[in-house]
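Provided herewith is a single structure, encoded as structure tokens, for subsequent inquiry.
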Amino acid sequence: MMRLAIFYLTLVLLLTITAPALTTVPLKAQASPVTFTVGWGAAPMDTLNPTAVTLYDGGAYVVMHAIYDTLVMADVNGNPIPGLAQSWSYSNSTTIIFNLVHNATWHDGQPFAADDVVYTVNTYLAHSELPIMRLYVENVKSITAVDPYTVQINLINADATFIGELLPAMYIIPKHIWQDISNFTSYTNSNPVGTGPFKFVSWGGVNTYVQLVANTNYFLGPPHIDQLVIRYFTSYNAMALAVQSGEIDYAGPLFPPSIVPTLTSATGIEVVTRPDQRYYYFCFNGYPQGSGNPTLRDVRVRLALSHAINNTELAQVTWAGYATPQNTVMPLTFANWVNPNIKAYDFNLNEAAQMLDSAGYKVGSDGIRVSPNGVKLSYKLEVPSDYAEEYRAAQVIANWWKQIGVEATPQIVDTGTLGDEVVSWKHDTFIWVWSVGEIIGPDYFLSMFRSTEAQPAPNGGLSDSGFNNSMYDQLYVAQEQATDPAQRQTIIWQMEQILHDNAVYVPLYDPLAVQAFRSDKFTGLPSGSLPPLNQYASNNLFLSITPISTPVQTTQTTTSVSTTAQPAPTGMSTETIVGVVAVIIIIIVAAAALSRRRKGEPTKAQ
Amino acid sequence: MANVGYIVRKLSGLIVTTFFVLTFNFYLFRVLPGNPFRLLFRGAGLSADAVRSLNAQFGLDEPLWVQYIIYLKNTVSGNFGLSFQTRAPVIGLIVPALINTAILLSAASVISIVAGILIGMLAAWRRGSKFDVSASATTLVLYSMPTFWLGLVLMFVGVIYFALPVAGMRSFTGISGIFGQLQDLARHMVLPLLTLVLGLTGQYVLVMKGALLDVFTEDFMVTARAKGISNRKLLWDHGFRNAVLPMVALVALNLGLSIGGAVQTETVFSWPGMGLLIYRAILARDYPVLQGAFLVVTVTVIVANFVADMLYPLLDPRVTEQ
């Protein structure tokens with residue numbers, strides 16, 4: 001009797017909890033307005049304040065660019081095109097005149113004018129607690145408004161990077177709203193007002209979602225969608241399901257390769273791949289005053305070891321084909337800055353062994369080579385814990401080196417610990433990644449090889465190789481100031497050659513950015529070398545995306561989601577299904593076996 | 001009623017433990033390797049100067065004991081500092097996350113405690129029966145499953161076959177009215193709730209069953225049976241009342257810890273609670289957020305245990321006697 005009561009009680013409890021949830025509710029009313037829902041699975045959105053975004057707010061950049069504009073914007077290839085500045089010209093190498101558009105308005109209706117630009121730049125100049133923003137105006141001496149729609153910016157030094165790289169990231173903020181703010185970084189900016197293609201509606205707080213509505217008065221023409229929603233996911237598995245079930249229309253920015261089969265097998269979904277703006281590399285600690293293995297300071301050793309690393313094979317091993325081998329320190333997205341004459345080091349173990357022999361590093365009695373001074377060629381090969389998938393590449397490298405008498409010990413190390421080691425120059429070799437942030441240009445990827453970045457501990461700069469070459473340093477300054485793109489390209493290509501000849505790094509590969517898109521509901525995907533959904537140029541996607549206007553299609557999605565999701569059961573891998581079945585079998589078998597054993601014993605407490 | 005001495009002892013224990021936790025909390029994060037700013041800005045080409053100024057701004061270049069005094073003063077006055085990532089007050093990040101976690105975990109706790117008690121009691125009463133064996137086996141298997149995997153499987157089944165939302169706490173198209181919002185929240189909660197309940201119930205079942213079996217071996221149970229007391233009274237008034245003490249301890253501990261959020265569940269379902277906050281803060285080495293979050297978790301555990309300590313004398317008057 002009591003058993004029955006308990007059973008029914010539990011049943012009623014469960015039903016009352018789940019009943020409201022299981023009644024079907026139409027997921028989306030797609031008829032009107034048209035909403036484009038984007039899923040973002042990388043760095044989250046932490047703030048609505050454009051002056052406070054940091055690199056950990058990658059998700060915030062997308063939103064900021066939708067709400068705010070910049071003087072210069074980036075096109076689908078990352079090249080500068082007019083934004084709030086419709087044209088610009090150099091009066092001399094350090095003075096630039098910007099002609100602003102006349103028809104831009106702030107979301108609250110106020111007209112945009114030169115005052116806002118002057119205010120923005122002066123604000124960034126005056127506030128050193130805005131580290132990222134300040135970076136952009138480091139080279140600015142002053143700014144003045146020539147007339148209501150023209151500004152003049154005076155630079156300190158001639159700078160080739162200013163237009164193309166810095167301006168696409170410097171959000172112009174409205175003077176009439178911000179002039180009363182005293183503490184910039186803690187200002188919540190809960191109702192952002194910009195000139196951008198989308199107006200802010202609401203957000204769910206940190207790391208949830210942002211809801212935006214189209215700005216019909218946008219000076220470049222209104223978007224083709226009515227609403228833009230950006231949702232932040234912490235799991236790519238969840239996002240893959242969400243795009244399959246129609247809950248989101250676009251997902252990115254970087255799906256791991258393991259989820260790609262799920263996406264490609266589903267109908268209605270187009271998988272988009274472009275090279276990402278980052279690359280993985282193998283680093284040698286060549287710092288002369290460091291405490292790593294001193295044999296790495298010998299360029300002959302580094303060159304020999306470079307011939308014992310096959311980056312094409314490693315790209316396959318670690319990324320299953322979803323990475324492109326890279327031979328210079330320039331990510332492949334920057335097509336025109338990559339020196340095409342630099343080929344990968346010839347992968348040849350015999351040649352590598354010979355090079356070490358002729359340099360005087362003979363094989364010792366234990367099979368490991370020894371330097372003339374008696375130092376073994378035995379190295380730590382560290383992999384930061386944030387990129388633990390590179391451990392496989394490390395193991396493969398260690399195996400190759402073993403065949404030429406060099407010992408490498410792969411180990412995964414906490415990223416923070418590795419960072420500390422690098423600053424104190426205690427490392428030998430490691431695999432890590434350089435990834436661009438807000439600034440889109442070649443500069444950053446060349447900057448860590450300057451001698452000024454190789455500081456003795458504990459100062460630390462960006463350098464992890466300890467490279468020190470005065471020619472390289474001079475060329476770096478030259479390319480910074482070379483406003484003629486052809487000349488700049490020559491210089492940059494020369495710099496890459498120097499790095500290659502000195503085997504400073506062994507560049508490994510550039511992973512593909514894999515994104516998913518509901519091509520059955522929308523069209524207008526931008527072409528170009530940048531991934532459509534990226535940190536600073538996603539507006540190209542948001543402005544070109546257009547709904548495929550067949551009403552039949554939209555009602556289908558609202559009434560039965562399972563129909564659209566029909567092909568998805570191939571999704572979760574068969575291993576998962578096998579696992580579930582196995583678990584159920586185990587439970588049944590265990591229950592049967594144990595109950596049979598106990599049949600003879602008294603069951604009730606007497 | 002419990003005597004004053006007992007209460008005072010427990011209260012002073014609470015204060016001492018809290019102070020120790022504050023100190024340990026501070027020290028723990030200072031001992032971690034890796035300068036948070038260097039890692040935060042590795043991709044932004046931040047100059048050494050900028051890193052130095054940030055260190056100064058957050059007082060990271062002061063001697064350790066100076067930082068400790070500042071930390072104590074700030075914590076006591078409710079100032080948990082500014083997040084490294086957003087440079088906004090940590091409190092502003094913790095409070096909404098706490099609310100979201102509380103919504104999810106209070107529901108999960110209540111369901112799993114009630115279910116755990118009922119199943120555990122039935123399993124103990126019918127020890128050795130098919131019900132006992134299958135219930136114990138099932139809950140144990142579910143309890144030892146990796147939460148992440150369980151969540152993903154449930155998500156797959158729920159989204160494809162039951163049209164439940166994939167992740168997050170709410171939809172934002174087509175929802176209107178308070179009832180609509182509550183229904184929307186419920187729909188978003190089903191999958192993470194199920195994941196948590198399936199995982200949590202196991203431990204309550206086992207503890208309840210074990211405690212009850214233990215009580216069944218006592219002499220007074222035999223006596224009560226001999227006196228002719230009905231099964232129901234035997235189970236509830238004699239068995240349950242004596243077995244509930246270890247359960248209260250476990251419940252108090254779990255309720256306190258659950259404020260830390262179920263990190264795996266929240267990550268799978270993008271539920272913006274404490275677990276997710278802590279996870280992201282760890283990746284970014286955001287010390288102030290971590291300190292604030294860990295402090296909230298430990299203080300909640302301490303308080304929950306104190307409440308449990310206050311409950312024991314009510315359940316069993318023998319507890320306050322030395």
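Sort through A:Ile259, A:Ile225, A:Ile163 and tell me the only one that's within 14 Å of chain B (Cβ to nearest Cβ), among the aliphatic types (A, V, I, L, M) and within 24 Å of the chain's Cα centre (by Cα).
Working: A:Ile225 fails: within 24 Å of the chain's Cα centre (by Cα); A:Ile163 fails: within 14 Å of chain B (Cβ to nearest Cβ).
None of the other options fit; the residue is A:Ile259.
Quick grid of which residues meet (1) assigned by TED's automatic domain parsing to the domain that holds A:Gln481; (2) outside any loop (DSSP other than H, G, I, E, B); (3) surrounded by fewer than 16 Cβ atoms within 10 Å (Cβ to Cβ):
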{"residue": "A:Thr144", "(1), (2), (3)": "no, yes, yes"}
{"residue": "A:Ile153", "(1), (2), (3)": "no, yes, no"}
{"residue": "A:Asn157", "(1), (2), (3)": "no, no, yes"}
{"residue": "A:Leu166", "(1), (2), (3)": "no, yes, no"}
{"residue": "A:Tyr171", "(1), (2), (3)": "no, no, no"}
{"residue": "A:Ser190", "(1), (2), (3)": "no, no, yes"}
{"residue": "A:Lys199", "(1), (2), (3)": "no, yes, no"}
{"residue": "A:Ser202", "(1), (2), (3)": "no, yes, yes"}
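Still on this structure: Out of curiosity, is B:Ser129 among the polar types (S, T, N, Q), more than 7 Å from chain A (Cβ to nearest Cβ) and out of contact with any Cys (no Cβ under 7 Å at 6 or more places or on another chain)?
No; evaluated as a whole, the condition is false for this residue.
Go through B:Val153, B:Val141, B:Val159 for me and flag whichever is under 20 Å from A:Glu247 (Cβ atoms) and either more than 7 Å from chain A (Cβ to nearest Cβ) or within 26 Å of the chain's Cα centre (by Cα) (or both).
B:Val153
Also, I was wondering about something else. Restricting attention to segment A:187-216, report how many residues are within 12 Å of chain B (Cβ to nearest Cβ), among the hydrophobic types (A, V, I, L, M, F, W, C) and within 25 Å of the chain's Cα centre (by Cα).
The qualifying residues number 4.
Picking from A:Thr333, A:Thr273, which residue would you name as being outside any helix (DSSP H, G or I), in the same structural domain as A:Pro485 (by TED's automatic domain parsing) and under 28 Å from A:Asn79 (Cβ atoms)?
Exactly one residue qualifies, and that residue is A:Thr333.
Just one of the numbered conditions (1) at pLDDT 90 or above; (2) over 20 Å from the mean Cα position of the chain (by Cα) is not true of A:Ala315; which one?
(2)
Taking the condition within 11 Å of chain B (Cβ to nearest Cβ), of a type in the set (S, T, N, Q) and farther than 16 Å from A:Ala66 by Cα, does A:Ser235 pass?
So A:Ser235 fits the description; yes.
Looking at A:Ala503, A:Ala513, which one is touching a residue at least 12 places away in the same chain (Cβ under 8 Å), part of a loop (DSSP other than H, G, I, E, B), among the aliphatic types (A, V, I, L, M) and over 26 Å from A:Pro33 (Cβ atoms)? Lay out the reasoning, then the answer.
On the way: A:Ala513 fails: part of a loop (DSSP other than H, G, I, E, B).
Result of the check over A:Ala503, A:Ala513: A:Ala503.
Kindly list the number of the only condition in (1) touching a helix residue (DSSP H, G or I) at 6+ places or on another chain (Cβ under 9 Å); (2) at pLDDT 80 or above; (3) surrounded by fewer than 23 Cβ atoms within 10 Å (Cβ to Cβ) that fails for A:Gly41.
Going through the list (1) touching a helix residue (DSSP H, G or I) at 6+ places or on another chain (Cβ under 9 Å); (2) at pLDDT 80 or above; (3) surrounded by fewer than 23 Cβ atoms within 10 Å (Cβ to Cβ), A:Gly41 breaks only (3).
Something else about it: Can you confirm whether B:Leu118 is more than 21 Å from B:Pro272 (Cβ to Cβ), in a helix (DSSP H, G or I), facing chain A (nearest Cβ under 7 Å) and not acidic (Asp, Glu)?
Spelling it out, B:Leu118 is indeed more than 21 Å from B:Pro272 (Cβ to Cβ), in a helix (DSSP H, G or I), facing chain A (nearest Cβ under 7 Å) and not acidic (Asp, Glu).
Working carefully through the options B:Leu93, B:Leu182, find the one that is more than 20 Å from B:Val205 (Cβ to Cβ), at the interface with another protein chain (Cβ under 7 Å from one of its Cβ atoms) and either assigned to a helix (DSSP H, G or I) or aromatic (Phe, Trp, Tyr) (or both).
B:Leu93
Now for a separate question. So, A:Phe334, is that one in contact with a Phe, Trp or Tyr (Cβ under 9 Å, 6 or more places away or on another chain) and surrounded by fewer than 19 Cβ atoms within 10 Å (Cβ to Cβ) or not?
Criteria not met by A:Phe334.
If you don't mind, another one. Quickly run through segment A:438-459 and pick out the residues that are in a helix (DSSP H, G or I) and over 23 Å from the mean Cα position of the chain (by Cα).
If the condition is that a residue be in a helix (DSSP H, G or I) and over 23 Å from the mean Cα position of the chain (by Cα), then A:Ser451, A:Thr452, A:Glu453 are the ones that fit.
Let me ask another. Does A:Gln497 fit the bill of being outside any strand (DSSP E or B), crowded, with 20+ Cβ neighbours inside 10 Å and outside the structural domain of A:Leu543 (by TED's automatic domain parsing)?
No; evaluated as a whole, the condition is false for this residue.
Could you tell me whether segment A:409-432 includes any residue that is more than 14 Å from chain B (Cβ to nearest Cβ), over 27 Å from the mean Cα position of the chain (by Cα) and among the β-branched types (Val, Ile, Thr)?
The answer is yes, given that some residue of segment A:409-432 is more than 14 Å from chain B (Cβ to nearest Cβ), over 27 Å from the mean Cα position of the chain (by Cα) and among the β-branched types (Val, Ile, Thr).
Here's something else I'd like to know. Quick one: which helices (runs of 4 or more DSSP H) sit completely within segment B:187-302 and have at least 3 residues that are out of contact with any Lys or Arg (no Cβ under 7 Å at 6 or more places or on another chain) and surrounded by fewer than 19 Cβ atoms within 10 Å (Cβ to Cβ)? I'd like the intermediate steps shown before the answer.
Values: elements: B:219-226, B:241-258, B:263-269, B:274-284.
Here the list reads B:219-226, B:241-258, B:274-284.
Can you confirm whether segment A:463-475 contains a residue that is within 13 Å of another protein chain (Cβ to nearest Cβ) and crowded, with 21+ Cβ neighbours inside 10 Å?
yes
The values are calculated or read from the model by the stated rules, or taken from the named source; none is laboratory data. These numbers come from a predicted model, not from an experiment. Using ideal geometry, Cβ is built from the backbone for each residue, glycine included, and neighbour counts are taken over all protein chains shown.
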